[in-house]
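Report on one structure; see the data block that follows.
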Amino acid sequence: MKFQFYNSLTNSTEEFKSLEPNKVRMYSCGPTVYDFAHIGNFRSFLFGDLLRRSLELGGYEVDHVMNITDVGHMVEGEEDRMKKAGDRVKENKKSGRVAEGEIDDPNDPWQIADYYTNAFMDDSRKLGYKIAFEYPEKVPRATQHIDGMIDMIQRLLERGHAYIAGDAVYFSTESFPDYGKLSGNTMSELQSGAGGRVSASNQSSKKHPADFLLWKADEAHIMKWESPWGVGYPGWHIECSVMASKLLGSDVIDIHTGGEDLIFPHHECEIAQSCGCSGKDSFANFWIHARFLFVEGEKMSKSLGNFYTARDVFEGKVKDKDGNPMGKPVHPAVLRFELIKAHYRTNMNFTAKGLVDSASTIQRLMKFRAELESKTGGETAEVDLNHPVLGAFAAALGDDLNIAEALGVMHPWVRGDHPDPQESLAVWKAMNSVLQLAPLNEGMDGDQATGSDDGGGDDQAEQWRVAMVAARKDKDYAASDEYRDKLLEAGYEVEISKDDVTIRKKLA
């Protein structure tokens, strides 16, 4: 199967060819764990998941790695964000929003990082993010690779790509002629590549404004390590270069993904230090970036009240354009679909109405899957990409992840006739290995695949359903209506047939 992707490095769509036949080495920039991940983060992460799954459908073995930035030191104003996270957790402990025993000491940045890392992994598994099921092997934490960062900095110094200035080590951007190629910046235009780990007041010793931090000596910092340049902490960019090359086993990888906000300075700096250290001409052959997410047409912002974490969405805290909260839980499959259904290279507009529409789609897909399972007993036929429907679906994804075209293949097929349910179930399973919607845990470890409920009823709802069936058999339609109203009020769809009643929990 052929793939072509838009490569940010060349600003063109190119045919994808892996460095090693049938194998892809892929790296994705992960979260900085000083807070819960928001839906903009997950738009980027799930785009990477869709990319990986599409490659796997096309026959590639994908070795996927994503970092956890638990070093902290992202400066907001002049205050360390990990310290701010600890202060926030203290307040949340007082109000009961942090469960007893989850964090013993909010002043301990390691506990803060653990808390938010665990929360991120939990949210990611709920959303069917495949790499979250491979944690910790394929999801390294920056604090586990400090020695590797020190080693890379030493090599950059030896090769003339870095210099010591006062209490810091900087990468010399003037030593790397291709600096700016990814972002389209020129050296004369660049002012700073510090990346938020050191305040502007501490950068006066740099040789060029674009030079970026590799190591900062600071014994007063809340997270610090021994190094040849003093007790301190690493710069932001160095961790990804180190972890990508170590865990993927190569100085040059096939694909690097992330949000477009990371193109500069983060990814630009990764290229410079990785190539400067290895001596190779490239770090990643394809740089693939997802565009921004807006909420009801506006930039997501806490000040505007439209800033949502994944957990906010699950709990029904999303507000419509009139400011009214949805007020009911949203199934993780609904959020996953909402975040992947727009092409990754278009700005996405996240809306409450969109969630409701996505919920209707997921409900229909879950019903479709259940009907096929019922007819086949779970048995499937053998299918491959030569199947006309599955082949068209895969071809759309091969064309720069054209999700709209892929869904345009899937939707009419689902609504059509299915004379061979075993074949149809096999086709759907293959499609769902990419989409991960019905069910959300297709092929995942069942012990970890939370959030995969098919929308059926809980114990109380099931009791009302059974009572409603009995009432209808007794022709006690008043009682039947009473139970139906209870089910509707509890958020269930109720379908009445001649001999039975089927209920399904609304997903949003």
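Every read-out reported here was derived from the displayed coordinates using simple, explicitly stated rules and does not represent laboratory data. Remember, predicted model here, so these are calculated numbers, not experimental data. Neighbour counts are summed over all protein chains in view; Cβ atoms, including those assigned to glycine, are modelled from backbone coordinates with ideal geometry.
Worth a mention:
- Total formal charge among the other residues, if their Cβ is under 13 angstrom from that of residue 405, Lys/Arg +1 and Asp/Glu -1: -1
- Whole-Hz Karplus values for region 87-104 come out as 5, 5, 5, 4, 5, 5, 5, 5, 8, x, 7, 10, 5, 4, x, 6, 9, 6 Hz, taken residue by residue from phi with 6.51 cos²θ - 1.76 cosθ + 1.60 and θ = phi - 60°; glycine and proline positions read x.
- Within the shell of other residues whose beta carbon sits under 11 angstrom from the beta carbon of residue 167, the net charge comes to -1, with Lys and Arg scored +1 and Asp and Glu -1.
- Only helices enter the 222 nm calculation for the chain: every DSSP H run of n ≥ 4 contributes -39,500 (n - 2.57), and dividing by all residues gives -12000 deg cm²/dmol, rounded to 500.
- Extension gain, residue 420 to residue 260, is 53.2 nm, computed as 0.36 nm per intervening residue step minus the present C-alpha separation.
- Amide H contacts of residue 294 (H built 1.01 Å from N, under 5 Å, at least 5 apart or other chain): 348, 349, 350
- Beta bridges assigned by DSSP with both partners in region 217-315 are antiparallel in approximately 40 percent of cases.
- Net length gained if the chain between residue 188 and residue 311 were fully extended (0.36 nm per residue, minus Cα distance): 40.0 nm
- Long-range amide H partners of residue 62 with built H, under 5 Å: 24
- For mean projected area of the Cα convex hull in nm², computed directly from the structure shown, the correct entry in (1) 31.6; (2) 26.2; (3) 24.6 is (2).
- Efficiency of FRET from Cβ geometry, residue 392 and residue 12, R₀ 30 Å, rounded to 0.05: 0.75
- Label-to-label distance, nm, for residues given as residue 282 and residue 320 (7 Å Cα→Cβ offset): 4.9
- Counting every C-alpha pair in region 454-508, the share spaced more than 17 angstrom apart comes to 26%.
- Region 1-153 - charge dipole about Cα centre, Lys and Arg +1 at Cβ, Asp and Glu -1, debye rounded to 20: 640
- Per-selection Kirkwood Rh - region 217-286 (Cα, Å, 1 d.p.): 13.3
- Note on residue 411 and residue 154: with the Förster distance fixed at 51 Å, the Cβ-Cβ geometry gives a FRET efficiency of about 0.40.
- Computed across region 1-141, the Kirkwood radius stands at 17.0 Å (inverse of mean 1/r, all Cα pairs).
- Relative contact order of the chain, defined on C-alpha pairs under 8 angstrom at six or more residues apart (%): 16
- Over all distinct Cα-Cα pairs of region 118-254, the Kirkwood formula returns a hydrodynamic radius of 16.5 Å.
- In this simple spin-label approximation, residue 22 and residue 105 carry label points 7 Å from Cα along the Cα→Cβ vector, and these lie 5.2 nm apart.
- Projected over every direction and averaged, the convex hull enclosing the alpha-carbon atoms of region 82-174 yields 9.2 nm².
- R0 of 30 Å, Cβ-Cβ distance residue 165-residue 246: FRET efficiency to nearest 0.05: 0.65
- Taken along the Cα-to-beta-carbon direction at a fixed 7 Å, the label points for residue 97 and residue 499 span 5.3 nm.
- Residues whose amide H lies under 5 Å from that of residue 284, counting only those 5 or more places away or on a different chain, are 253; hydrogens are built 1.01 Å from N in the peptide plane.
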